[in-house]
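One structure is given here, and the rest of the page talks about it.
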Amino acid sequence: MADILVLAERDGDEIRRATAETVALARRFGSPALVLVGGWTDAARAVGVDTVHVVDGIRDDVLRPPAVAEAVAAIAGDLGPAAILLPAGREGKEIAAILSVRLGAGVVTDVTGLDPDDDGWPVATQSAFAGTFTVRSRVTVGTPILTVKPGAAEPGPATDPAVVTHTVNPSEAASRVRVTDRTVRPKGDRPALAEAEVIVSGGRGTAGDFSAVEAFADALGAAVGASRAAVDAGWYPHAYQVGQTGVTVSPQVYVACGISGAIQHLAGMQTSKTIVAVNKDPEAPIMALADLGVVGDLHTVLPQATGEAHTRRG
Amino acid sequence: MKIVVLAKHVPDATADRRYQDDLTSVRSGIEGRLSELDEYAIEAAVRITEAGGGEVIVVVMGPDQASEAVLRALQLGASAAVHVTDAALHGTDAAGTARVLAAAVRQQGDVDLVLTGMASTDAGTGLVPAMVAAHLGLPHVGFVEELEVADGSVAGARETETTRERFAVSLPALLTVTDHINEPRYPSFKAIMAAKKKPVTTVGLADLGIAPDTVGLAGAWTAVESVRRRPKRAGGEVVKDDGDGGTKLVDYLVRNRLI
């Protein structure tokens, strides 16, 4: 059975849930083989792969995407995988682009589902035009390269994978960009935005005070998001921006608080299962697509909802 | 300093965007514009040349109506433009676009810096910049939020979802900037008038030495099998907060087993 390469998305010694989900997709097409950059971690057993290719030797002062792409290309050259699955985040796309040129292979990005056609080839599902269309597409030239979004499948059981270690030495071409400083933002206690089941987001209507949004999010065990307006105003960090130029999310529940619903925000959350909006303006565009719209001031509605949620959830 | 900015003409995000029979997106009859995220790259380039001299050449690939984006880029301060247009380009995917844009950059001779926006606002794959860099053999840095050019090199900072990295790279290089790098200017009346006199070169595939069958739908490395419009989200219930808005909100979530 052909290998399906899956690039692990690491978080220190942990591996993100999205990697295990992608591995579950990979299993539909072949034998999942994990590419794990930065040394072995026991978390690799939990993602459900048959093989782990540990990549060592990429120095901290080297920009990761070109060096990782080079390592993945080398492993792909040895194994001849039937597909290469990468995370859909910023670095995943950069790696996908470099691999595409290197391997002469097509890429489909932001995949939300992957199914075999009658001949077993992967057909990818994507969202298009701000979530208003579902598109099915495939790679027709070269080894299919796909970047997969969180939530595409349910993770499978843990395995006892075979481990192969590759010590690499990034080429001159792959190490021309020097990283002089790297700051990993502290994770915080809330779920990661891209993977959260429930998200509570704040916009212009917060007037810069996110405490009510955060308190309600914590009452629901939810992630906190922000609109571009709130981020541009400096009220909340950029990493929490939901929308076209921030994170694209698709949670079970999205609670938009004081967010009018600019097209670029809708593009980032319109595929959420349920949308709830709290807004003073009943004419705000977000109200037209919310499953529940509460017309009111978030600074009074949310504290009450927070108290109620604590009561109901015990 | 010679800077090339790669930019795209896109359908307006508020337009009724849809697909035609060959599963490419409808462009005619739909209001188009310079992709908003490209304005940041143009602004970054113009600021560099305003400070240290040089020229900014914007390259746009697209059908005739993409000249709207070309004009806008010139109004925003680019000194000259190349409009790559050819009937054979209809349906070109990211891989093909990158080959064409790389050829257009090569045609400019010695270029110090290539800048792009972080993604287009229509297809938004975000693949093209790193692909172009790979074709040109240039180092690539994506998602740049801060940059400074000095003594033949660029230093700055880039952001991924979890990490901020400070970087340095010798020129030439290709950088992709985000919407956090600057505040693009509104063109002045003078800039709008001046743009009309700036040189625009229109080139086809033959001028770039690209065979027509390697691009377009036939030359694409990916294929769209089907497109389906999602059922439009119907607005649901709207309730007014009469002192019980928060309770109603949580009621709704509990009733629908969402929490």
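Looking only at segment B:157-177, which residues are more than 8 Å from chain A (Cβ to nearest Cβ) and among the charged types (D, E, K, R)? The answer is B:Arg158, and nothing else. Taken over segment B:106-123, residues that are among the charged types (D, E, K, R) and out of contact with any Leu (no Cβ under 9 Å at 6 or more places or on another chain) amount to 2.
Looking at segment B:122-135, which of its residues are surrounded by fewer than 24 Cβ atoms within 10 Å (Cβ to Cβ) and either at pLDDT below 95 or under 20 Å from A:Arg178 (Cβ atoms) (or both)? Spell out how you get there, then give the answer.
Going through segment B:122-135, the residues surrounded by fewer than 24 Cβ atoms within 10 Å (Cβ to Cβ) turn out to be B:122-125, B:134-135.
Within segment B:122-135, B:Asp122, B:Ala123, B:Gly124, B:Thr125, B:Ala134 meet the criteria.
The requirement of being free of Cβ contacts under 8 Å to residues at least 12 places away in the same chain, away from every other protein chain (no Cβ under 14 Å) and not aliphatic (A, V, I, L, M) is not satisfied by B:Asp112. On the stretch given as segment A:235-250, residues that are assigned to a loop (DSSP other than H, G, I, E, B) and at pLDDT below 95 total 8. When segment A:279-312 is filtered for residues that are of a type outside the set (D, E, K, R), in a loop (DSSP other than H, G, I, E, B) and facing chain B (nearest Cβ under 7 Å), the ones remaining, listed by number, are A:Pro282, A:Ala290, A:Gly296. Which of (1) at the interface with chain A (Cβ under 7 Å from one of its Cβ atoms); (2) part of a loop (DSSP other than H, G, I, E, B); (3) among the basic types (Lys, Arg) is the odd one out, the single condition B:Lys232 does not satisfy? With (1) at the interface with chain A (Cβ under 7 Å from one of its Cβ atoms); (2) part of a loop (DSSP other than H, G, I, E, B); (3) among the basic types (Lys, Arg) applied to B:Lys232, the lone miss is (1). If you check B:Val224, B:Val254, B:Val250 for being farther than 25 Å from B:Ala104 by Cβ, part of a strand (DSSP E or B) and within 13 Å of another protein chain (Cβ to nearest Cβ), only one passes: B:Val224. Residues considered: A:Val255, A:Val231. Of these, the only one that is within 17 Å of A:Ala290 (Cα to Cα), of a type in the set (A, V, I, L, M) and surrounded by 22 or more Cβ atoms within 10 Å (Cβ to Cβ) is A:Val255.
The residues of segment B:134-152 that are at the interface with another protein chain (Cβ under 8 Å from one of its Cβ atoms) and part of a helix (DSSP H, G or I), listed by number, are B:Ala134, B:His135.
B:Gly91 meets all of the listed conditions (1) within 27 Å of B:Ala223 (Cα to Cα); (2) surrounded by 19 or more Cβ atoms within 10 Å (Cβ to Cβ); (3) within 14 Å of chain A (Cβ to nearest Cβ) but one, namely (2).
Criterion first (touching a Lys or Arg at 6+ places or on another chain (Cβ under 6 Å) and buried (at least 17 other Cβ atoms within 10 Å of the Cβ)) does A:Thr112 satisfy it? It would help to see each step written out before you state the result.
Numbers: touching a Lys or Arg at 6+ places or on another chain (Cβ under 6 Å): yes; buried (at least 17 other Cβ atoms within 10 Å of the Cβ): yes.
Spelling it out, A:Thr112 is indeed touching a Lys or Arg at 6+ places or on another chain (Cβ under 6 Å) and buried (at least 17 other Cβ atoms within 10 Å of the Cβ).
Scan segment A:30-61 for residues that are assigned to a loop (DSSP other than H, G, I, E, B) and among the acidic types (Asp, Glu) and the total you get is 3.
Residues that are surrounded by fewer than 19 Cβ atoms within 10 Å (Cβ to Cβ), modelled with pLDDT of 95 or more and either among the hydroxyl-bearing types (Ser, Thr, Tyr) or not assigned by TED's automatic domain parsing to the domain that holds A:Thr245 (or both) occur at least once in segment A:48-55. Of all residues in segment B:163-173, one or more are touching a residue at least 24 places away in the same chain (Cβ under 8 Å), in a loop (DSSP other than H, G, I, E, B) and under 20 Å from A:Ala174 (Cα atoms). Considering segment A:62-126, there are no qualifying strands (runs of 3 or more DSSP E) wholly inside with 2 or more residues that are β-branched (Val, Ile, Thr) and more than 11 Å from every other protein chain (Cβ to nearest Cβ). Scanning segment A:203-222 turns up at least one residue that is among the acidic types (Asp, Glu), away from chain B (no Cβ under 13 Å), more than 18 Å from the chain's Cα centre (by Cα) and farther than 28 Å from A:Leu63 by Cβ. Within segment A:252-268, being at pLDDT 95 or above and either more than 9 Å from chain B (Cβ to nearest Cβ) or touching a Pro at 6+ places or on another chain (Cβ under 6 Å) (or both) holds for A:Tyr254, A:Ala256, A:Cys257, A:Gly258, A:Ile259, A:Ser260. Inspection of segment B:40-54 finds no residue satisfying the criterion of being under 20 Å from B:Ala130 (Cα atoms) and part of a loop (DSSP other than H, G, I, E, B).
The values are calculated or read from the model by the stated rules, or taken from the named source; none is laboratory data. In this text the structure is predicted, and so the values were computed from the model without any measurement. Quick reminder, even Gly has a Cβ in these numbers, built from the backbone with ideal geometry, and neighbours come from all protein chains shown.
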